[in-house]
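Trainee: Sharing a structure with you now.
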Amino acid sequence: MITLDKFYIDGGWVAPASDATMPILSPATNQRVGTLSMGNEADVDAAVQAAKRAFETFSMTSKDERLALLRRLAEVTRARMDDLAHAMTTEMGAPATMSREVQADAGIGHLEAFIDALEALDEEETLPNGDILSREPIGVCGLITPWNWPINQIALKVVPALAAGATCVLKPSEHTPLSAQVYAEIVHEAGYPAGVFNLVQGDGPTVGAALSRHPDVAMMSFTGSTRGGSAVSRDAADDFKRVTLELGGKSPNLIFADADLDKRVAEGVDACFFNTGQSCDAPTRMLVERSVYSRVLELAEAAAKATVVGDPEQEGDHIGPLFDEIQYDRVQAMIDKGIDEGARLLSGGPGRPAGLPEALQAGWFVRPTIFCDVTPEMVIWREEIFGPVLVITPFDTEEEAITLANDTDYGLAAYIQTGSEDRARRVARRLRAGALHINGRDADYGSPFGGFKHSGNGREGGVYGLEDYMEIKVRPPFAA
Ligand code: NDP
């Protein structure tokens, strides 16, 4: 049984202020695997005060000193990859191979891209008018991360704060505390000065809100639900903190008749189901040119039926369970909603998949599900489901495809499948989303990630993600 009963504050492991705890449950078996101590306002205050003290000296370090620390962080992260991967498999059910090769790999991929960004960053430059602009760390940063991509999100927030010379307090999701604990051990071993990085475990309404409201926090970076994002924005408003938000998505995948259908349709289904559908930028709405609609439905159904759901502890390319009961109930309710609304069920449906081994029957496994003939008024077309559920609809013209794609409150990602480069460029220009994926190609580590509209503000990753953690100062050239 795992016991997480210490927080990482001011360079050491300290006992929480309260004795509140919650169980850590395996999503694959619904069995208890450990106990987590929950923080409160006093823990947040201790962590923020440590970060505030550390800022005095860490903000004055040179770029070379910070690069050396980041390189050491990369070495230790590489040495602990298996521990990070195993933690995520245990806490949120990411299957072993994917957990190591994608979830944990993000911890090193983003870090290397931030090292490149910091190397290239001019901390001081002369403006065309002769004034001098400098970039300086913003102060104490509050970082709130979700359960779906635990280390990806931690790296996208903690690393740029450290690279900029800022200090931080991390509050990971209460549902994924194990990987955050390993990450704190990594930062400690990398040799960061006391107080530069702090970890307080606990829930959003208590620890997250205390962080967002704390007057000594200069910036909040949040990834999660739109509800959580607006709560953080409101809590941070009184003292005008900078707030960056990475929220949800309902990303369109436009399949034109001239695309390589055999390849692109299966890829689109797999991308929707990847991480058991728990990705904010998943292509969850497939829009298909009517002349190839029936062929695409055949291909999509075959891809869904070929998707294996199984034990996250096993190696392989199967998908695992949803992260817990709350998400299982949400996804089941949305599948029921789709049926009630009259969408045509092409594959999957309510309940658990057949044939799960006995030990996994109480786990939060769902059937990979596809609805077709979905219309824009339906809830399953409009709302984020965050499970392996794809909705498909036909379109007649390119113009209609663009209108349908943009008919969403979100704007995180958009996917285009076409054999025509002209069309890809033309359509990409008109889609209101932060990241375009074209014919199976995605942006790499170091590119800015973030969305339009209700998908949030600010960008994470690479140089744009680094600059979010910096203030800009100007001064005239010196004259005696
Ligand atoms: P939340 O927004 O509740 O969780 C994300 C993080 O925010 C967690 O660390 C959570 O803490 C924290 N949090 C929650 N409320 C507050 C608050 N008032 N102040 C500060 N921090 C807060 O997401 P859910 O887990 O409820 O998921 C709901 C839906 O959100 C999903 O179904 C999905 O649609 C979307 N989502 C999107 C994500 C993305 O990547 N953009 C990630 C996760 C969810 P804790 O959970 O520990 O209480």
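Trainee: Just for segment 2-247, what percent of DSSP beta bridges are antiparallel, to the closest 5?
Mentor: Around 40 percent of the beta bridges assigned by DSSP in segment 2-247 are antiparallel ones.
Trainee: Would you calculate, for the chain, the mean residue ellipticity at 222 nm contributed by helices, counting each DSSP H stretch of 4 or more residues as -39,500 (n - 2.57) and dividing by all residues, to the nearest 500?
Mentor: After summing the helix terms and dividing by residue count, I get -11500 deg cm²/dmol.
Trainee: For helix 293-305, report the angle its Cα long axis makes with the longest principal axis of the Cα atoms of the chain; keep it between 0 and 90° and round to the nearest 10°.
Mentor: That works out to roughly 60 degrees.
Trainee: Report Trp149's accessible area, 1.4 Å probe, all protein chains in place, as a number in Å² to the nearest 10.
Mentor: Accessible surface of Trp149 is approximately 40 Å².
Trainee: Apply the a/c threshold of 1.5 to the C-alpha gyration tensor of the chain and tell me whether it is rounded, prolate or oblate.
Mentor: Since a/c reaches 1.5 but b/c is at least a/b, the shape of the chain is classed as oblate.
Trainee: Here's something else I'd like to know. Using a 4.7 Å Cβ cut-off, which Cys residues in the chain lack a partner cysteine?
Mentor: Those would be Cys272, Cys280, Cys372, since no other cysteine Cβ in the chain comes under 4.7 Å of theirs.
Trainee: Rounded to the nearest 10 Å², what accessible area does Leu261 show when all protein chains are kept and the probe is 1.4 Å?
Mentor: Accessible surface of Leu261 is approximately 20 Å².
Trainee: Oh, and also: Once amide H atoms are placed 1.01 Å from N in the peptide plane, what residues at a sequence separation of 5 or more from Val366, or on another chain, have their amide H within under 5 Å of its amide H?
Mentor: The list, which skips near neighbours in sequence, is Leu322.
Trainee: Accessible area, 1.4 Å probe, largest first: how do Arg285, Arg330, Arg72 sort?
Mentor: Arg330, Arg72, Arg285
Trainee: To continue, here is another question. So for Asp340, Asp270, what's the accessible-area order with a 1.4 Å probe, most first?
Mentor: If we order Asp340, Asp270 from most to least accessible, we get Asp340, Asp270.
Trainee: List the residues, sorted by chain then number, that are 5 or more residues from Leu254 or on another chain and whose placed amide H is less than 5 Å from its amide H.
Mentor: For Leu254, the qualifying residues are Leu287, Tyr415, Ile416, Gln417.
Trainee: 5 Å is the cut-off here: which amide hydrogens, built 1.01 Å from N in the peptide plane, fall below it relative to Gln201, excluding neighbours closer than 5 in sequence?
Mentor: Gly39
Trainee: Can you tell me what share of the DSSP beta bridges in the chain is antiparallel? A percent to the nearest 5 is fine.
Mentor: The antiparallel proportion sits near 40 percent.
Trainee: Suppose all protein chains stay in the model; what accessible area per residue would a 1.4 Å probe give for segment 252-451, in Å²?
Mentor: Values: 8420 Å² over 200 residues.
Computed with neighbouring chains in place, this is 42 Å² per residue.
Trainee: While we're here: Taking a 1.4 Å probe, which of Lys52, Lys241, Lys63 shows the most accessible area, and what order do the others take after it?
Mentor: From most accessible down to least: Lys52, Lys63, Lys241.
Trainee: Heavy atoms only, probe 1.4 Å: what % of the accessible area of segment 126-207 goes to carbon and sulfur, would you let me know? Walk me through the intermediate numbers first.
Mentor: Numbers: 890 of 1730 Å².
Using a 1.4 Å probe with all protein chains present, segment 126-207 comes out at 51 percent carbon and sulfur.
Trainee: If the cut-off is 30 Å between C-alpha atoms, which lysines fall inside it for Lys157, apart from same-chain ones fewer than 8 positions away?
Mentor: Counting by Cα, and skipping residues close in sequence, Lys157 has these lysines nearby: Lys6, Lys52, Lys63, Lys171, Lys241, Lys250, Lys453, Lys473.
Trainee: So which lysines pass the test for Lys263, namely a Cα distance under 20 Å, with those fewer than 8 places away in the same chain ruled out?
Mentor: In chain and number order, the partners are Lys305.
The values are calculated or read from the model by the stated rules, or taken from the named source; none is laboratory data. All figures in this text were calculated on a predicted structure; none of them were measured in a lab. Heads up, the Cβs are rebuilt from the backbone with ideal geometry, glycines too, and the neighbour counts pull from every protein chain shown. Each accessible area value is taken on the protein alone, full model and side chains, heavy atoms only, with ligands, DNA and RNA left out. Shrake-Rupley method; radii C 1.70, N 1.55, O 1.52, S 1.80 Å.
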